[in-house]
Amino acid sequence: MFVNTENMLFSLLRSQICTTKANDSLPSSVTEEELSALYALAHRHDLAHIIAQALSRHHLLGHGGTGDDFRQALAEAAYRNEQFQYELSEICRALTDDAIPHLPLKGAAIRTLYPAPWMRTSCDIDILVHESDLDRAAEALTEALGCRASEKRNYHDIALFCPGGIPIELHFSIRENMPASDRLLSRVWEFSFPSSEGKMTYQQSETYLFFHIIAHMAYHFQYGGCGIRPLMDLYLLESKTSPDRALLHSMLEESGLQRFYSCVRALIGVWFGTDPHTDLTKNMQKFILSGGAYGTRSNFEIVRQQRAGGSTRYIFQRIFMPYDDLKQKYPVLEKHRFLTPMYQAVRWCGLLRGKKLSRSIQTLRGIRNLDADKIETVHNLLKEVGL
């Protein structure tokens with residue numbers, strides 16, 4: 001009988017990260033076809049390395065074929081972990097030497113909760129500094145470590161690249177462009193403290209880290225999909241930390257994320273517990289699994305179109321970018337709004353260069369061709385989870 005790929009994936013994840021022994025019954029063997037389907041799903045969510053170890057422990061990995069792909073993923077995760085740990089320590093050292101307070105974020109902050117740090121992979125290193133220290137921090141990393149800095153300043157970070165190739169997102173803010181939660185996300189330093197006396201490396205309080213993970217997940221969920229990994233993070237936070245529940249509830253209520261968190265907890269209960277599926281958790285699972293680790297472009301376009309009030313209005317907004325979006329791309333507009341028409345023209349010139357023009361045309365055509373049923377399905381799901 002053919003193994004259900006999704007059920008197998010979560011059974012194997014439970015066997016690796018759950019704090020209590022799982023009672024899952026795994027098959028005594030799997031076919032190459034089943035292993036290939038499992039690898040495709042795990043790889044899309046950057047979990048092939050965890051599944052590889054679980055398969056090996058249960059003597060299901062086999063030899064050759066897809067088994068070798070899993071082994072390769074496991075070896076790459078181990079290498080990435082060593083590289084990540086080294087680069088992060090060097091970044092913290094360089095910033096400390098220049099007396100720049102800094103706060104590791106996301107994977108860098110949560111990987112110690114996993115049974116082994118290599119299990120929590122990250123595509124880049126996220127680290128926060130005060131906005132007043134941003135230029136000095138970029139200069140310190142460039143001069144001390146030989147990092148390459150991007151000239152582009154994004155909404156809440158600038159990009160750098162370690163000599164070994166790992167990207168750095170040097171944040172000066174953790175806001176997500178969601179006004180309700182951004183009010184609290186702007187106060188991150190109030191809820192952070194030095195990891196040890198006299199150190200420049202900070203860490204978030206357990207309660208605030210919990211809130212930040214939820215807020216960040218909500219942002220990605222509503223703009224294409226968040227992947228499985230943030231729910232694993234929350235499961236481990238629930239299991240291994242002791243946040244102030246009253247304060248967390250207050251934060252979620254203030255940010256309008258209480259309903260979303262309740263829905264996420266329900267899905268965590270299915271994936272990493274013994275709770276049965278409901279229609280809601282089934283729909284959430286379908287949306288998350290179809291989006292991969294970082295969501296899909298079509299889901300992103302569906303949400304943006306729905307929030308713009310239809311495809312025609314959305315296309316107009318894609319051509320004439322709203323001021324709030326344009327100032328993220330060109331921060332100078334924050335203080336000089338009168339320059340908006342000029343920067344609209346600058347943006348158009350950029351879109352007309354090389355391959356960007358053909359991509360822009362394809363995007364506009366894609367918006368016109370979005371499936372109406374899928375638009376309604378995504379809209380209803382976001383409404384149901386409170387987003």
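Bear in mind these aren't lab numbers, they're just calculated from the coordinates by the rules spelled out. The structure displayed is predicted, hence computed values, not measured ones. No Cβ is skipped: glycine too gets one built from the backbone with ideal geometry, and neighbour counts run over all protein chains shown.
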May I ask what percent, to the nearest 5, of DSSP beta bridges between residues of the chain are antiparallel?
75
If you average the sequence gap of Cα pairs under 8 Å that are 6 or more apart and divide by the length of the chain, what percent do you get for the contact order?
13
Choice from Gly107, Gly291, Gly65 showing the highest fluctuation, given a GNM over the chain with Cα pairs closer than 10 Å
Gly65
Listed candidates (i) 19.3; (ii) 21.1; (iii) 18.2 - label of the one calculated as mean projected area of the Cα convex hull in nm²:
(ii)
From the cross-link list Lys106/Lys240; Lys106/Lys152; Lys106/Lys286; Lys286/Lys383, the entries with a Cα-Cα span beyond 19 Å are Lys106/Lys152; Lys106/Lys286
Specify which residue in the list Pro243, Tyr79, Asn154 is farthest towards the positive end of the charge dipole of the chain, using unit charges on the beta carbon of Lys, Arg (+1) and Asp, Glu (-1), about the Cα centre.
Asn154
Note on segment 80-193: alpha-carbon gyration tensor, axes a ≥ b ≥ c; rule is a/c under 1.5 for rounded, else prolate if a/b larger than b/c, else oblate; result oblate
3J(HN,Hα) from dihedral phi, segment 155-168, Karplus parametrisation 6.51/-1.76/1.60, rounded to Hz, x for glycine, proline:
4, 9, 7, 10, 9, 10, 9, 5, x, x, x, 5, x, 10
So how strong a dipole does segment 5-291 carry about its Cα centre when Lys and Arg Cβ are +1 and Asp and Glu Cβ are -1, to the nearest 20 debye?
660
Output wanted: per-residue J couplings in Hz (rounded whole) for segment 226-238, from phi through Karplus 6.51 cos²θ - 1.76 cosθ + 1.60, θ = phi - 60°, x for Gly and Pro.
10, x, 7, 4, x, 6, 5, 4, 5, 4, 5, 4, 4
A correct Kirkwood calculation over the Cα atoms of segment 1-108 returns a hydrodynamic radius in Å of 15.7
Helix-only mean residue ellipticity at 222 nm, the chain, DSSP H runs n ≥ 4 weighted -39,500 (n - 2.57), per residue, nearest 500. What is it?
-18000 deg cm²/dmol
With the chain treated as a Gaussian network of Cα nodes joined by springs under 10 Å, which of Trp271, Trp189, Trp348 yields the largest mean-square fluctuation?
Trp348
The chain, Gaussian network, Cα under 10 Å: of Leu35, Leu326, Leu113, the residue fluctuating most is Leu326
Segment 113-169: proportion of alpha-carbon pairs further apart than 19 angstrom, %:
33
Can you give the net charge of the other residues whose Cβ lies under 12 Å from the Cβ of Phe287, counting K and R as +1 and D and E as -1?
+2
Charge dipole of the chain built from unit charges on the beta carbon (Lys, Arg +1; Asp, Glu -1), centred at mean Cα; most positive-end Cα among Ser89, Tyr39, Trp118 is Tyr39
Whole-Hz Karplus couplings 3J(HN,Hα) for segment 107-113, θ = phi - 60° and coefficients 6.51, -1.76, 1.60, Gly and Pro as x, run x, 5, 8, 10, 5, 5, 7
Note to self: C-alpha centroids of segment 8-74 and segment 185-258 sit apart, in Å, by 29
